[in-house]
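Here's the structure, in structure tokens; my notes come after.
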Amino acid sequence: MSTPSPAKAALTIPLPLRLVLLILEPLAALNGAYLALFHSSSFHSTLTRPSSAWSPPFCPGNQYLYTQLAGAWLLFAFNSSVILWLCDDLRLWKLMCCGMLLSDAAYHVSAVQAVGGWGRFVGVMTGGWDWREWAVMGSCVGPAVVRVWIVLFVKAAGDVKGRKKVE
């Protein structure tokens, strides 16, 4: 008896959601890696409050953190643009989205830290954010929602909870 072929991501995940993961995400990750490697000060000032300390690149300080971050974003770009593009298995896409959500969680916490903590972060309700906070949160919340949607709501045709396995 043959095993059923895995569900196709291209047939189950709506095109706009796939395009976010296959095109938008890798481009954003490559941009982040470029900024972290070659324009650390502008990257830093976009994410944090202007009064936050920054060490110049390639000096003792914190440049190594930007290099590590760039490496993580390069992996993110590769996984999104190559692995997901070449593998049309819904289970793999869901697993990759779970891993990306772990990264998203850490990134969101870092964004909260970058703006000065939870007190400043919740200041959005009182108009306390500037364009930097909006840009950072807008660029990461949308793709995270796409991944949550894929993990929780995209089902293969015929997937029904409680279905008995045919032997």
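Can you tell which of G117, G128, G142 is in contact with a helix residue (DSSP H, G or I) (Cβ under 8 Å, 6 or more places away or on another chain) and at pLDDT 80 or above?
On the way: G117 fails: in contact with a helix residue (DSSP H, G or I) (Cβ under 8 Å, 6 or more places away or on another chain); G128 fails: at pLDDT 80 or above.
Going through G117, G128, G142 in turn, the sole match is G142.
Looking at the stretch 101-120 only, could you name the residues that are farther than 18 Å from H44 by Cα and of a type in the set (A, V, I, L, M, F, W, C)?
L101, L102, A105, W118
Taking the conditions exactly as written (modelled with pLDDT under 80, within 29 Å of A10 (Cβ to Cβ) and among the basic types (K, R)), does K165 satisfy them or not? If you could, list the steps in order and put the result at the bottom.
Details: modelled with pLDDT under 80: yes; within 29 Å of A10 (Cβ to Cβ): yes; among the basic types (K, R): yes.
Yes.
Restricting to the stretch 34-68, count the residues that are at pLDDT 80 or above and either among the acidic types (D, E) or in a loop (DSSP other than H, G, I, E, B) (or both).
Qualifying residue count for the region: 1.
Taking the condition of a type in the set (S, T, N, Q), over 30 Å from V122 (Cα atoms) and at pLDDT 80 or above, does N31 pass?
Numbers: of a type in the set (S, T, N, Q): yes; over 30 Å from V122 (Cα atoms): no; at pLDDT 80 or above: yes.
No.
Table: residues versus (1) over 21 Å from L35 (Cβ atoms); (2) in contact with a strand residue (DSSP E or B) (Cβ under 8 Å, 6 or more places away or on another chain); (3) touching a residue at least 12 places away in the same chain (Cβ under 8 Å).
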residue	(1), (2), (3)
D88	yes, yes, yes
C97	yes, no, yes
L101	yes, no, yes
H108	no, no, yes
A114	no, no, yes
W118	yes, no, no
V136	no, no, yes
C140	no, no, yes
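Which condition number does S80 fail, the rest of (1) in a helix (DSSP H, G or I); (2) of a type in the set (G, A, S); (3) at pLDDT below 75 being met?
(3)
The values are calculated or read from the model by the stated rules, or taken from the named source; none is laboratory data. Fair warning: this is a prediction, and the values are worked out from it, not measured in the lab. Here the Cβ is made from the backbone with ideal geometry for all residues, glycine too, and neighbour counts use every protein chain on show.
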